[in-house]
Amino acid sequence: MIRLYKTAALPSVEMTGFETPLSEEESAIQNTVHRFARDVLRPIGRELDRMTPEEVIAPGSPYWAAMVESAKLGLDPQLIAQFPPEVAVRIESLIGEELGWGDSGLAVSLGAATVPLLMAQSLGNPELIEMCTGKIGCWMNTQPDRGSDAAILYRQELSAVGKQPTGNVTAKVGADEIVINGQSSAWVSNGSVAQVALAYMAADYGDGFYGTGEQGSFTNGVGMIIPLDLPGISRGKPLDKIGQRALPQGEIYFDNVKVPKRFAVALKDEYLGNLASTWSYGGTHMCQVFVGAARAAFELALAYCHERKQGGALLIEHQMTHLRLGDMLRRLEMARAIARRSLAYSRMSPQSHPYATAQAKVSVTEEAMKITHEAFQLLGGNATTREFPIEKLFRDVRSALIEDGENYILTSRLGVLAGRLYQNGWTRE
Ligand SMILES: Cc1cc2nc3c(=O)[nH]c(=O)nc-3n(C[C@H](O)[C@H](O)[C@H](O)COP(=O)(O)OP(=O)(O)OC[C@H]3O[C@@H](n4cnc5c(N)ncnc54)[C@H](O)[C@@H]3O)c2cc1C
């Protein structure tokens, strides 16, 4: 049936665009997180953006206030998971988008902070749960010489005679203890403030770093939760970077650090599967966050077009502006749709996959970059000054094209996956 209307009234619209009606509960959650994003994350994010990385993490910095205030919101993934799956996906998406709308750097920091606890809860390990509860966490996977190479899952991703490098931080796994030496990359989100890490690295189980047979090109690995106050752990200088300056990043150094083997979450044969699970789960947060950042850019441009006069009229009265705003909104709707679909796939499909999550992250961040770029262009010279927040959004979004996997690499991994699926019978009926 066609739903008939008597007039061409404006369509119903939510903060999140052309949305089917939100339930009371969904609206309440969205409004609460929106207020938090508007009143806490956004102003604090702007303040932190102007500070040095050392000032951002110093005691008394507004960064800590943002962390404390966010804890009061009670956005526990365990509680969200109690809703029916489709509802839980929409709620998770609404929350991530509002956080990203407020400040993408802080939204990433909040997301990364929960990762070790989520792993402990997924394993149902009471000791690890207690160790991670109330702590700021991080996800430590990349290293200076093992960036894109840190997350290789298939042989086709290595060049003909290539081997996955062991990288700069490695573990020796003994009977009761794991000994770690080396350093993480400077990119680890929350690296300079985290109290616990979910860490992945190459590991020697007594017979060298490389597997045998089919696995001969891959390093053996280990995943573990590390309390970051163990003897032998130190931090690098907090990273100074162009975007997401509210997100503290920095190296973590390990000098003969001894971790009880019971803190391992994935030994030898479970390593790749566990790494893949965390990545396919966590990468979805990036998608929602950068839909939020793109929406913030669109909203700024839309408002500016109603204030700025050129050619004898407000920008919004010019046809070319309609085209540009329409294109931005179309891309925003598309990015949100992709972000939600991949979130649903990650949470609800019987076997999720990090490359399926990653392709969505590529599409969302590429669209977010186009939207933010166009918003920047619409603000003319004003965009280039630090008085207008669009320059910050532009810098924040730019980093996302590399964060959580560089976009070309992630796209080529999708191609590898397509080949593997075809070889397994997909599309051949
Ligand atoms: C804001 C931000 C947050 C981050 N957060 C975290 C975090 O929480 N935890 C963590 O562990 N890491 C984190 N990272 C690191 C991030 O995952 C890496 O930066 C990313 O995977 C790319 O690695 P790289 O920087 O070493 O670049 P490289 O891998 O050195 O890539 C450099 C260039 O070389 C190209 N390239 C790489 N490999 C190949 C190849 N085989 N063939 C052809 N070209 C290739 C790439 O396309 C890229 O253009 C973060 C990064 C950023 C920017």
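Return the total of residues in the stretch 79-106 being within 22 Å of Ala120 (Cβ to Cβ) and crowded, with 20+ Cβ neighbours inside 10 Å.
Total satisfying the criteria: 3.
Give Gly425, Gly419, Gly415 a once-over and let me know the one that is within 25 Å of the chain's Cα centre (by Cα) and either assigned by TED's automatic domain parsing to the domain that holds Gln156 or within 26 Å of Leu153 (Cβ to Cβ) (or both).
Gly415
Does Tyr205 satisfy the condition of being surrounded by fewer than 19 Cβ atoms within 10 Å (Cβ to Cβ), away from the ligand (no atom under 13 Å from the Cβ), under 29 Å from Arg420 (Cβ atoms) and touching a residue at least 60 places away in the same chain (Cβ under 8 Å)?
Yes: the conditions hold for Tyr205.
Hey, Asp76 hits all of (1) surrounded by 17 or more Cβ atoms within 10 Å (Cβ to Cβ); (2) modelled with pLDDT under 95; (3) not aliphatic (A, V, I, L, M) but one; which does it fall short on?
Looking at each condition in turn, Asp76 falls short on (1).
Pull up the stretch 139-149, narrow it to residues that are within 14 Å of Gly221 (Cα to Cα) and within 7 Å of the ligand (Cβ to nearest atom), then point me to the one that is surrounded by the fewest Cβ atoms within 10 Å (Cβ to Cβ).
Asp149
Which residue out of Glu366, Glu391 is touching a helix residue (DSSP H, G or I) at 6+ places or on another chain (Cβ under 8 Å) and either within 18 Å of Asp327 (Cα to Cα) or small (Gly, Ala, Ser) (or both)?
Criteria check complete, one pass: Glu366.
Considering the stretch 151-172 alone, what residues qualify as being surrounded by 20 or more Cβ atoms within 10 Å (Cβ to Cβ) and in a strand (DSSP E or B)?
Of everything in the stretch 151-172, those that are surrounded by 20 or more Cβ atoms within 10 Å (Cβ to Cβ) and in a strand (DSSP E or B) turn out to be Val169, Thr170, Ala171.
Tally time: how many residues in the stretch 173-208 are in a loop (DSSP other than H, G, I, E, B) and farther than 30 Å from Pro62 by Cα?
Residues in the stretch 173-208 being in a loop (DSSP other than H, G, I, E, B) and farther than 30 Å from Pro62 by Cα: 7 in total.
Considering every residue within the stretch 153-162, establish whether at least one is closer than 21 Å to Leu110 by Cβ and in the same structural domain as Gln195 (by TED's automatic domain parsing).
The initial filter retains those residues of the stretch 153-162 that are closer than 21 Å to Leu110 by Cβ, namely none.
No, because not a single residue in the stretch 153-162 is closer than 21 Å to Leu110 by Cβ and in the same structural domain as Gln195 (by TED's automatic domain parsing).
Is the stretch 371-394 home to any residue that is touching a His at 6+ places or on another chain (Cβ under 8 Å), under 30 Å from Cys138 (Cα atoms) and assigned to a helix (DSSP H, G or I)?
yes
The values are calculated or read from the model by the stated rules, or taken from the named source; none is laboratory data. Small disclaimer: the values here were computed from a predicted structure and weren't measured. Note that each Cβ is placed from the backbone with ideal geometry, even for glycine, and that neighbours are counted across all protein chains shown.
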